[in-house]
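What follows is one structure encoded as C-alpha cells, with my remarks underneath.
The values are calculated or read from the model by the stated rules, or taken from the named source; none is laboratory data. Worth saying up front: this structure is predicted, and the values here are computed from it rather than measured. Using ideal geometry, Cβ is built from the backbone for each residue, glycine included, and neighbour counts are taken over all protein chains shown.
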Amino acid sequence: MGRIAGASHLPLAELSERVGEIDKDRPVVLYCRGGNRSTMATEALAAEGFDARKLSEGIVGWAGEGLPLEPEDGSVAESGEAASILHAQKRLPPS
C-alpha cells in the first residue's frame, strides 16, 4: 500500500503505550485511511498537551488531490483491504 513520505506507523490501539515515541515539542499531524482513527488519536494527544492536528480526509483525501505516496507505486488500500493483508501475513490477530 502507500504512505506519506516521512510518516511513522503507529496503530491507534498502541497509542497510549507508545506516546513516548512522539516528540511533544513539535507539531504532530495524524492521518489514517479516512479520518476516523486519526480524529480519536488527535483528540487524545491534544488532551495530553501535544500540538496535534488531523489530516483532513486522511490518506484518501491526500491521494485524491494527487499528492505523492511512498513507495512511488504506492496506493491507498480499499476499506478493509489493509487489515486483510496483515491478517494474511499473520501480523494481526484474527478478529
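Look at Ala41 and say whether it is modelled with pLDDT of 90 or more and in contact with a Cys (Cβ under 9 Å, 6 or more places away or on another chain). Yes, satisfied.
Can you name the residue in segment 1-41 that is of a type in the set (Val, Ile, Thr) and more than 11 Å from the chain's Cα centre (by Cα) and is also nearest to Ser79 (Cα to Cα) among such residues? So, considering only residues that are of a type in the set (Val, Ile, Thr) and more than 11 Å from the chain's Cα centre (by Cα), the one nearest to Ser79 (Cα to Cα) is Val28. Within segment 55-95, how many residues turn out to be outside any loop (DSSP other than H, G, I, E, B), modelled with pLDDT of 85 or more and within 16 Å of His9 (Cβ to Cβ)? The number of residues fulfilling the criteria is 4. The residues of segment 25-54 that are in a loop (DSSP other than H, G, I, E, B) and out of contact with any Gly (no Cβ under 7 Å at 6 or more places or on another chain), listed by number, are Asp25, Arg26, Pro27, Glu48, Gly49, Phe50, Asp51.
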